[in-house]
Amino acid sequence: MAGHKENSAMPVVRDAADFDRRSGNILERFIFNNRVIFLVACLIATVFLGFSATRIHVNANFERMIPLGSPYIQNYLENKKELPGLGNTIRIVVENKKGDIYDPEYLEVLRKVNDTLYLIPGVDRSWMKSLWMPIVRWREVTEDGITGGAVMPANYNGSPATVEALRANVAKAGIVGKLVSKDLRSSMIVTPMLDVNPQTGEPLNYGVFADDLEQKIRVLENDRIGIHIVGFAKVVGDLIAGLREVMMFFAVSVAVAAIFVYLYTRCLRSTILLVTVAVIGVVWLLGLMQLLGYELDPYSILVPFLIFAIGLSHGAQKMNGIIQDIGRGTHKYVAARYTFRRLFMAGLTALLANIVGFAVLVIIDIPVIRDLAITTCIGVSVLVFTKLVLIPVTLSYIGVSESAARRAIEEESGTVAPRTVIGRLWARLDVLTERNWAIGMISVAVLITAVSTVVMKDLRIGDLDSGAPELRPESRYNQDNAYITANYGLSSDQFVVIMKTGAEGCRLYDSLRQMDDLAWALRQDPGVQTTTSLAESVRSVSSAMFEGSPKWLALSRNQAIVDASVSAAMIATPDITNQGCSVSPLVAYLADHKADTLSRVLKIAEDFNLQQTASGSTEQPVEFLLAAGSAGIEAATNIEVQKSIITMYLAVYGATALLCLITFKSIRATIVALIPLVMTTIICKALMVWLGIGLKVATLPVIAVGVGVGVDYALYLLSVQIAVQRRGDTLRMAYRRSLDFTGKVVALVGLTMAAGVITWAWSPIKFQADMGILLTFMFLWNMLGALVLIPALSHFLLNPKPRGALATA
Amino acid sequence: MVTGDFAVKKRFILAGLARVATLPLVLALASASVAGASADPLASGAPITALALRSPMVSIASQGARVVAVGPRGYILFSSNGGKDWRQATVPVRADLTAVHLRDARNGWAVGHDGVVLRTDNGGESWTRVLDGRSVLEILNRSYEARAAAGDTVAARVKGEIERLMAQSASPDVMPNPFLDVLFSDASEGFVIGAFGLVLCTRDGGKSWEPWIERAENDRRLHFYAAASDGASLYFAGEQGLLRRLDKGNDHFTTIETPYNGTFFGVHAAPGLLLAYGLRGNAWASEDGGASWRKIETSVEASIIAVLPAGGTRLILVSQAGHVFSTTDGGRTLVALQVPRQGEVLAATLVGTNDLALTRHGGVNLVTLPAAR
């Protein structure tokens, strides 16, 4: 918000000694009459918070990215402990690029990978499976019963005979398509993960674990051997590695933003000051986050970027007045106090407005978004000190370069003619307040918005790419995932329904029959590739118990047979149900995780539940709870996102409208300020369709942040314009004045904010890149919209025919 | 089962079944849960679904161009053009089915779990319920209770067995065990046979049934897996080398000793050739009605699941792993036929003499046999 009042109470004072130190309000006197103490306090705070900042944890916690309030998610969280095998496994596929797995050299590398993995802390060794683990066995039904042994012959020594024995055992064990790929060119090592590091007793650090995988196992890859690693822990590890990379982007953002500020002020001294103070703001923020127990996660890591950009761009507007004052000959100390006096209240209001914009995000019931809202509010509060106080105080010592000050005065007096195309356009921008131009501009805007409205209809909910949606489709992880999906058949999009029964209830024929019914109902959908569950295992285990007879691929009503099958299934696949046989997962493997697929599958399971309830069997000890698994959680998240989007629009636009009303005290001005924002929001959604970005947790805050920051432009432009109009000038003159006075600040804010976020577009984390692209668009397009639409709209809404007071209706 | 080789006597497993089932907790919950009978497989028909075409059909039979396959959840598929196109039949139950038998192109029988017996008179397009676990239980109780009350000690023993079996059933009024095969030697006389020695006989085309459990020379109640007829006699084959013969006019089976003690999944009976086959590539032939036996050297580890007459003396043998052999001399010499191996074969039948319909986990597929030498 611009408070650039030309104040006659601030005369040019050339010597600080002539200045009345008792002038100004109590806060100004308190700060400027104790400058040294104040600066020392800031220095101490910076050192202290800087030290805290270095200890901030970098983590990627999935549970914070999901809507904890969703009943589906609560079902998952309540039963999570009982379902250890769900998702948290690591799969390493070792591929022989030059042959098949029956190659002694390949088997040796496989053994090395196996033994290395076995020793990495966090691996649940007792359930680790591979060709080299004795737990992987072959079985054979003979006339006397069942015989079996380890797949890897005990006497294996690489000789052709023992390799042949291995080949025979692999065939008998029926592990092709499971542990051995269908083309026999690779085999898999699968291990569940422990939650705690057994050596330290502390929660497992996925970052360290993933680093171990890269440094100890991936290094064995060469032109003969390919190594593919997938699993939850690896995704988390890759996210953490991505975060470290994103931190590096901060330097780029700082450099780019500094260049913009320099181009604006043309003063190296004050540019360095502004950048330094903005960085100090970020240091304070990180220190406070650490002290308050926040971690840097893939979302909150974006807050420092935003705070830096806001701090820098808003700080830069301080320079406007001070440079002009100094250019007129005022002493730097006095100029600094004048600036403080002029801008403190206005700046405080603007920052509070920003806080409101971010705070509304708290209503979204997803922890990362809440954290984002809260930490951004903390950051903006920090800016109140750094931007409003530290900058003027420091300026009172260092001042600005004389050339910059002179230049500012020359520009203001209009002696510098516009030289560039942009400069000439800029000079002609006020024609948009004329009728024909206004109609033309509004028509163009309406046309673009109308087209976007049509395109927007195709906006999808959720993630649209295959593999781990957090990472880019071309990332190493997703390539590994695609390789494993292609060669081992099971997709990584798992939709899990949890069957909950009383203790030992999973053994009951009736429970299993219902589970079987649900599995077959799910399989009807073309999006479901296959399902696995205890019920289906019981079918195959029953057949195996009866010597492999296909006639026993059945759920027998004979409870004794089912009981024995369940026991055998629990031995063969321990994660098929929990210890107490009361929580059993039904996993549907989906062809993709598109929102349509997810909602269809969700509906099948919900309808099944409704039918079960409608059938009146309320004493039924069987419940089917939705949902778990990556796809299940995503389905629940999609529902919350869809619900939140409306609430969020209402809150963001409501808060923004209220803010405008308070500032302008005019409904018409509020409408003029909001229309460009609404149009940008619509065009942004169309852009998402064009770029293939879905509406998801990550893109939800983009619109709120875009609108929250975007309204600043209108506040700057309109506040001056209305003030000038109230003095009796024409609309065109008022807008020209407003442009001259604040237009450059608007451009600067837009560009520095965009510079702050555009670097995310190169983040290895997909959703950060999406956020970066969209936020850059929102910041720039809101700026453009404000500059060209405010004059055009003002022609119709803020252009009273009779000269005089502005209509306030 | 983590280290060392092991061997488990399979009878031991089955003995274990009975012990587990007597846990009072399990039984109490089992009977409490019968409330949700609305979704019971015996209470509603099989839904028509494209999924049926991709399901594991476990038995298949043909008469001319008419082919019928049965599988899980009451799915029955039928084809009227030799297995090229399939449609799903209307079936009154959703029980898992185990066997199908076509008398001719129109009349057929199917059996399955939960004591289900179905019949069709329109080539498999629609089926009616003949028996299910409830009616089977009534028949068993009526028959054995009356005779036990009259002092028949054998019947009293069977009655006790039925009581113990019903203690294992998840539904106290449904006989829980499956029938595993069905055979009609003519339009009126037929047998349904199954797990734990279950045998029912009809002599009026399925209108009334008589339990024959105690007449099959099977005191250990081994599973009967298959029945076959050579026109003169009926044969039942089953676990532990079990083979029984019923001569026309008799109402009691006689034991045929076999040299094999593993499970026979099937028996092929033709005048002058008796061929029993099953586990681990075992197939045994007898040309003297079972007095002496000759091992057929299949040299495969997988079970033999079908022996199909292919015209004249030619027989086709199919293994569960997908091996296909041809023989014209009663199995003395086998010719391996090159048929694409695409995983497990669950059941097989010949359509005509040259097309082999194989059922797999993903559905039925048709292969043309390479020309015989």
* To do: Give the long-range amide H neighbours of A:Trp132: residues separated by 5 or more places, or on another chain, with amide H under 5 Å away, using H modelled in the peptide plane at 1.01 Å from N.
  => none
* Asked: Taking only DSSP H segments of four or more residues, each worth -39500 (n - 2.57), what value at 222 nm results for chain B once the sum is divided by all its residues, to the nearest 500 deg cm²/dmol?
  -> -4500 deg cm²/dmol
* Structure fact -> Counting only Cβ distances under 4.7 Å between cysteines, those in chain A with no partner are A:Cys42, A:Cys267, A:Cys377, A:Cys660, A:Cys684
* Measure out, as a whole number of angstrom, how far apart the alpha-carbon centroids of segment B:341-373 and segment A:664-735 sit. => 70 Å
* Asked: Counting pairs of alpha carbon atoms under 8 Å apart in space and at least six apart in sequence, what relative contact order in percent does chain B give?
  -> 11 percent
* **Relative contact order (%) - chain A, alpha-carbon pairs under 8 angstrom, separation at least six** => 18 percent
* To do: Can you tell me which of A:780-786, A:584-590 comes out highest on packing, and rank the rest after it, using the mean Cβ neighbours within 10 Å?
  => A:584-590, A:780-786
* Counting Lys and Arg as +1 and Asp and Glu as -1, what is the net charge of the other residues whose Cβ lies under 13 Å from the Cβ of A:Arg35? -> +3
* If R0 is 51 Å, what FRET efficiency do you get for B:Asn122 and A:Ala161 from their C-beta distance, rounded to 0.05? -> 0.30
* Structure fact -> Given a Förster distance of 25 Å, the FRET efficiency implied by the Cβ-Cβ spacing of B:Val335 and B:Ala232, rounded to the nearest 0.05, works out to 0.25
* Holding the Cα-Cα limit at 27 Å, pick out from A:Lys80/A:Lys234; A:Lys594/B:Lys84; A:Lys97/A:Lys766; A:Lys234/A:Lys696; A:Lys97/A:Lys178 the pairs that are longer than that. => A:Lys594/B:Lys84; A:Lys97/A:Lys766
* Structure fact -> Going residue by residue through segment A:552-564, the Karplus relation 6.51 cos²θ - 1.76 cosθ + 1.60 with θ = phi - 60° gives ³J(HN,Hα) values, rounded to whole Hz and with x marking Gly or Pro, of 9, 6, 8, 9, 7, 6, 6, 4, 5, 5, 4, 4, 5
* Structure fact -> The computed P(r) of the protein assembly as shown puts the percent of Cα pairs beyond 53 Å at 41 percent
* To do: Could you work out the relative contact order of segment A:627-718, using alpha carbon pairs under 8 angstrom and six or more residues apart, expressed as a whole percent?
  => 40 percent
* segment B:120-152 and segment B:168-246: distance between their alpha carbon centers, rounded to Å -> 12 Å
* Asked: Rounded to the nearest 500 deg cm²/dmol, what is the calculated helix-only ellipticity per residue at 222 nm for chain A, with -39500 (n - 2.57) per DSSP H run of length n ≥ 4?
  -> -19500 deg cm²/dmol
* What dipole magnitude, in Debye to the nearest 20, does segment A:210-304 give about its Cα centre under +1 on Lys/Arg Cβ and -1 on Asp/Glu Cβ? -> 440 debye
* Alpha carbon centre of segment A:501-551 versus segment A:108-126: separation in Å? -> 33 Å
* Any idea how far apart A:Glu78 and A:Asp15 come out in nm if each label point goes 7 Å out from Cα toward Cβ? -> 8.1 nm
* Asked: Quick one: if the Förster radius is 35 Å, what FRET efficiency do A:Val47 and A:Glu202 give, using the C-beta to C-beta distance and rounding to 0.05?
  -> 0.75
* Structure fact -> Partner shielding of A:558-571, taken as the mean number of other chain Cβ atoms within 10 Å, equals 6
* Structure fact -> Around B:Ser185 (Cβ within 14 Å, Cβ-to-Cβ, excluding B:Ser185; K/R +1, D/E -1) the net charge comes to -4
* Could you rank the peptides A:552-565, B:255-268 by their average count of other C-beta atoms within 10 Å per residue, with the highest value first? => A:552-565, B:255-268
* Asked: Given +1 on the Cβ of Lys and Arg, -1 on the Cβ of Asp and Glu, and no further charges, what dipole in debye does the protein assembly as shown carry about its Cα centre, rounded to the nearest 20?
  -> 4580 debye
* How much net charge surrounds B:Tyr75 when only the other residues with a Cβ under 12 Å from the Cβ of B:Tyr75 are counted, with Lys and Arg +1 and Asp and Glu -1? -> +3
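None of the figures in this text is laboratory data; all of them are computed from the coordinates on show. Computed from a prediction, not measured in an experiment: that's the story for all the values here. Note that we place each Cβ from the backbone using ideal geometry, even for glycine, and neighbour counts take in every protein chain shown.
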